[in-house]
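Single-structure report; data block below.
The values are calculated or read from the model by the stated rules, or taken from the named source; none is laboratory data. Worth saying up front: this structure is predicted, and the values here are computed from it rather than measured. No Cβ is skipped: glycine too gets one built from the backbone with ideal geometry, and neighbour counts run over all protein chains shown.
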Amino acid sequence: MEFALFLGCNIPIRLKQYETASRAVLHKLGVRLVDVPEFNCCGYPLRNIDLKAFVLSSARNLALAERQGLNIVILCKCGFGTMRMAQHLMKENASLREEINTILATEGLKYEGDIQVKHLLTVLFSDVGTAAIKEKVTRPYEKLKIATHYGCHALRPSSILQFDDPVAPTIFDQLVEVTGAESVDWPAKLDCCGGPLLGTNDELSLDFAEKKLDSANKAGAHYIATGCVFCQIQFDTVQKSMESGRGSNHRVPSILYPQLLGLCMDMDTDVLGLESNQINITGAKRFLTTNSPGLKSA
Amino acid sequence: MLLLLMHGLDTLITSVLFDDYYPTLNPFMFLRDLFSLVVIVGIAMAFCRRLLSKRPRPKTTVVDYYALVILSIIMISGILLEGTKIVSHSIYQEMVDEYSGLEEPEELKALEAFWVKEFAVVSPNVKKTFDKNVLIDGEQLHEMSCAGCHSRPQWGFMGYGAAKVVSPIALPLDRANVHTLLWYLHFMACFFGLAYLPFSKFFHMIATPVFLLANAVMEEGESDPVNLATKQAMQFDACTHCGDCTARCSVAVAFDEIPNPNILPSEKLAAFRSLLSGNGLNQQSLMKLQEGSHICTDCHRCTDVCPVGINLEDLWLNLNRHLAGLGYCKPELWAREAIGAEFDLKKLKDSTLSLTTVDKRFAGGLTGSAQAGTFTVCFGCQNCTNVCPVVGNYENPKEVVGLLPHEIMHSLALKQKELALGSKMLWDCVTCYECQEHCPQGVRVTDVLYELKNLALRHLKEKVT
């Protein structure tokens, strides 16, 4: 199993732990990752500005991976949604695709359209499979309650993205339950984190985050699990700043899914970057069962 | 650099270091031509890269062309000067008069014959047929009188090559005193280059080493803030405009669709410099800088690759702050206010909508995606508005966001540009796609809002131009 790893702009500089944890977990599960240094911005930030510029940005990445005959695995939901949308737009609009390809041709690139863009969670769920993951879980969690946050730009528009059922998704919950943790039911599960409005309308953005955190807290979750750069920043960095800025404290830290998974696979906490999160999540270790092979099947 | 030090500044440097320095003697003569070859190869590479490279994005600006042109003039005039001097009979005659001390016509003729035969001097007196004995005499005389101070001109291989090329027209050139003309050209070009150096990109020869030194000994947070500010000011001159940042830039690809050079870090730096140097930029330039500045995703790649070690990331943060201070904040935020003021919905509220403001072509602008036109099938069920979390966040959403999603779709059907673009809802849309997901008619509500934002920004841009 081989994928081109798409990191985007934020992970290498603001969320390094997402990269190291994902690499470690995927490596352990036998997924080979190829780095493409020429990858550029996914195009997401350009969507407000200019549709063609956003499609071009995505298409260049797609063409680069296609040239190497690789499918893309992407860690960020917004990046995932953007690249899938670009694929869709170029599929439904042949003249747009032609226009984009004319520009790409100046660099000797071409987007043919036969490449798959998958989110990390899909690779884990569909390509690796929960059974194979379960085999590697050596220290399952006990009594740990996790609120899964799906992320808008993976779920919707479902007809285009086809990530999971948009109304009753289960992928993330199943992946969480493989670790022994309980995935709690919470009303705001499918709602937006508010991240896209950060910098444009901060108050509104924080209102969204607050509602979600409140809902997760009331459902008794110890942590919110994320699989997206913007959601993680919203629930980690922004939640922390809300403590001083708004005087709110929801006490629901956010953990990246590969961090959650890596811990119960008994991986090095440095590689998982637990200390790199703004809000301390090292407490998650308390829920791990003691390290004995007999408990493997528990 | 070596050429400049050894040849350009010979009286100041080389002759001080070496007692026996003569520009006509080896190794100096050979080294001069070797260094020129290096410079010429460099210039040729720079030209080729610009002509042949497939990488379309690092832009060549006037500043770069100036640098290439002045260097080329200096180099070409220098080599031609050397060439014309080698073939020049009058220069040869001057040297003979000054240094040889020969007076016998026979001897003079022999020496001249030898130089014409061996050293490419073109003489009006001596014909190409040479008597062997005369040449032997000439060689002896050469060894005696000339070789002490003049190596064989072949060692100056660049000039000698030029000499061979111009030799067929050497006599008229010599009569017209072309070598003196070239001498003036060469010197004037050098002087001009030197005088203009502080204002050209060559200034990096001075600024970059100083900046690198400063960078090595200064620490953010520890050094005096005043010194840090000085260092930051130096960054602008330390930039060599090599284009590495642009080649690595994560959003440079957008330049192919949005032709705004300020998207590219190397150009943005230059624009920021001219903004800071007090050249009041006009509204249009400021908007371009604003656009470029905010398309940047702060991915840090430019800073990582800068060979000079300029902290570009820091510079962009400062640029954003500076622009915000001038009233040019994030375009989305800016558009929210600007377009809201232009199409004030409150003013429209109690007046009857005039049909004459209908922009018939307006909705036709939504062509980015094939299904942006899906708003036409909206039947006003208000599902989009009911599921919208932004609308749900407010007690009285219309006061805050203006038109609600279903109303925007409706105003599009009515081709009401003011209504559709003037709503703050566009900029408060969190792009969660709930509306689109829940539309029973398959209207791509969120995608339509995205495209309306594109249109609104374009409208503001066009208004200024």
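For region A:227-247, indicate whether the set of residues that are of a type in the set (Asp, Glu), surrounded by fewer than 24 Cβ atoms within 10 Å (Cβ to Cβ), at pLDDT 95 or above and closer than 23 Å to A:THR130 by Cβ is non-empty. No. May I ask you to verify whether A:GLU135 is assigned by TED's automatic domain parsing to the domain that holds A:GLY220 and in a helix (DSSP H, G or I)? Yes.
Within region A:97-139, the set of residues being of a type in the set (A, V, I, L, M), in contact with a helix residue (DSSP H, G or I) (Cβ under 6 Å, 6 or more places away or on another chain) and within 14 Å of another protein chain (Cβ to nearest Cβ) comprises A:ILE100, A:ILE103, A:LEU104, A:LEU109. Just one of the numbered conditions (1) away from every other protein chain (no Cβ under 11 Å); (2) closer than 22 Å to B:LEU264 by Cβ is not true of A:MET83: (2). Filtering region B:267-321 to residues that are crowded, with 20+ Cβ neighbours inside 10 Å, of a type in the set (Ser, Thr, Tyr) and within 18 Å of the chain's Cα centre (by Cα) leaves B:SER293, B:THR303.
Regarding B:LEU348, is this residue in a helix (DSSP H, G or I) and either of a type in the set (A, V, I, L, M) or at pLDDT 65 or above (or both)? The answer is yes for B:LEU348. Quick one: is B:VAL390 within 14 Å of chain A (Cβ to nearest Cβ) and surrounded by 22 or more Cβ atoms within 10 Å (Cβ to Cβ)? For B:VAL390, the condition - within 14 Å of chain A (Cβ to nearest Cβ) and surrounded by 22 or more Cβ atoms within 10 Å (Cβ to Cβ) - is met. Taking the criterion of being part of a loop (DSSP other than H, G, I, E, B) and buried (at least 19 other Cβ atoms within 10 Å of the Cβ), the residues of region B:222-257 that qualify are B:CYS239, B:THR240, B:HIS241, B:GLY243, B:CYS249, B:SER250, B:VAL251, B:GLU257.
Mind checking whether some residue in region B:395-411 is at pLDDT below 90 and within 30 Å of A:SER95 (Cα to Cα)? Within region B:395-411, one or more residues are at pLDDT below 90 and within 30 Å of A:SER95 (Cα to Cα). Condition test on A:LYS77, is it modelled with pLDDT of 95 or more and not assigned by TED's automatic domain parsing to the domain that holds A:PRO157? Yes; evaluated as a whole, the condition is true for this residue.
Given the residues A:PHE39, A:PHE6, which is the only one that is under 17 Å from the mean Cα position of the chain (by Cα) and over 20 Å from A:VAL271 (Cβ atoms)?
Working: A:PHE39 fails: under 17 Å from the mean Cα position of the chain (by Cα).
None of the other options fit; the residue is A:PHE6.
Counting only residues that are under 19 Å from B:LYS201 (Cα atoms) and at the interface with chain A (Cβ under 9 Å from one of its Cβ atoms), how many does region B:257-270 have? Number of matching residues: 0.
Restricting attention to region A:142-172, the residues being crowded, with 20+ Cβ neighbours inside 10 Å and in contact with a strand residue (DSSP E or B) (Cβ under 6 Å, 6 or more places away or on another chain) number 6.
Being part of a helix (DSSP H, G or I), without any contact (Cβ under 8 Å) to a residue 12 or more places away in the chain and either closer than 30 Å to B:PHE187 by Cα or within 33 Å of the chain's Cα centre (by Cα) (or both) is the requirement here; does B:LEU68 meet it? Let's see the steps before the verdict.
On the way: part of a helix (DSSP H, G or I): yes; without any contact (Cβ under 8 Å) to a residue 12 or more places away in the chain: no; either closer than 30 Å to B:PHE187 by Cα or within 33 Å of the chain's Cα centre (by Cα) (or both): yes.
Here the answer is no, as B:LEU68 does not meet what is asked.
Hand me the list of helices (runs of 4 or more DSSP H) wholly inside region A:1-110 holding 3 or more residues that are within 23 Å of A:GLY273 (Cα to Cα).
On the way: elements: A:11-14, A:16-28, A:51-67, A:77-92, A:94-105.
Ranges flagged: A:11-14, A:16-28, A:77-92.
Only one of the numbered conditions (1) buried (at least 17 other Cβ atoms within 10 Å of the Cβ); (2) more than 18 Å from the chain's Cα centre (by Cα); (3) modelled with pLDDT of 95 or more is violated by A:THR200, and that is (3). The number of residues in region B:374-393 being out of contact with any Lys or Arg (no Cβ under 9 Å at 6 or more places or on another chain) and modelled with pLDDT under 95 comes to 5.
Considering region A:253-266, the residues that are farther than 15 Å from A:LEU29 by Cα and of a type outside the set (A, V, I, L, M) include one that is surrounded by the most Cβ atoms within 10 Å (Cβ to Cβ), namely A:SER254.
Filter region A:178-209 down to the residues that are touching a Phe, Trp or Tyr at 6+ places or on another chain (Cβ under 8 Å) and away from chain B (no Cβ under 14 Å) and list them by number. Result: A:THR179, A:GLY180, A:ALA181, A:SER183. Of the helices (runs of 4 or more DSSP H) lying entirely inside region B:148-221, those containing at least 2 residues that are under 23 Å from B:ILE91 (Cα atoms) are B:157-166, B:170-175, B:178-196.
Checking each residue in region B:427-446 for being within 9 Å of another protein chain (Cβ to nearest Cβ), in a helix (DSSP H, G or I) and hydrophobic (A, V, I, L, M, F, W, C) picks out only B:TRP427.
For A:LEU198, are the conditions met, namely being without any contact (Cβ under 8 Å) to a residue 24 or more places away in the chain and over 28 Å from A:GLY129 (Cα atoms)? Lay out the reasoning, then the answer.
On the way: without any contact (Cβ under 8 Å) to a residue 24 or more places away in the chain: no; over 28 Å from A:GLY129 (Cα atoms): yes.
Answer is no for this residue.
Restricting the search to region A:210-228, which residues are under 26 Å from A:ILE74 (Cβ atoms), assigned to a helix (DSSP H, G or I) and away from chain B (no Cβ under 11 Å)? Correct list: A:LEU213, A:ALA216. Screening A:HIS250 against (1) over 21 Å from the mean Cα position of the chain (by Cα); (2) in a loop (DSSP other than H, G, I, E, B); (3) surrounded by fewer than 16 Cβ atoms within 10 Å (Cβ to Cβ) leaves a single unmet condition, (3).
Within region B:136-189, the residues that satisfy the criterion of being free of Cβ contacts under 8 Å to residues at least 60 places away in the same chain, among the small types (Gly, Ala, Ser) and over 23 Å from B:PHE30 (Cβ atoms) are B:GLY138, B:ALA176.
The condition of being part of a loop (DSSP other than H, G, I, E, B), assigned by TED's automatic domain parsing to the domain that holds B:PHE191 and out of contact with any Cys (no Cβ under 6 Å at 6 or more places or on another chain) holds for only one of B:LEU80, B:LEU12, B:LEU51, B:LEU111, that being B:LEU12. Restricting region B:174-201 to residues that are modelled with pLDDT of 90 or more and crowded, with 17+ Cβ neighbours inside 10 Å, the residue that is nearest to the chain's Cα centre (by Cα) is B:GLY193. Please indicate, with yes or no, whether at least one residue in region B:258-267 is of a type in the set (Gly, Ala, Ser), touching a residue at least 40 places away in the same chain (Cβ under 8 Å) and within 24 Å of A:PRO12 (Cβ to Cβ). There is at least one residue in region B:258-267 that is of a type in the set (Gly, Ala, Ser), touching a residue at least 40 places away in the same chain (Cβ under 8 Å) and within 24 Å of A:PRO12 (Cβ to Cβ).
In region A:50-65, the residues that are within 7 Å of chain B (Cβ to nearest Cβ) form Cβ pairs under 7 Å with partners that are of a type in the set (D, E, K, R), at six or more places apart or across chains, as follows: A:ASP50/B:GLU257; A:LEU51/B:GLU451; A:LYS52/B:GLU257; A:ALA53/B:GLU257; A:LEU56/B:ASP256; A:LEU56/B:GLU257. Here B:ALA324, B:ALA254, B:ALA335 are screened, and the one residue that is within 12 Å of chain A (Cβ to nearest Cβ), under 22 Å from B:LEU460 (Cβ atoms), at pLDDT 90 or above and over 21 Å from the mean Cα position of the chain (by Cα) is B:ALA324.
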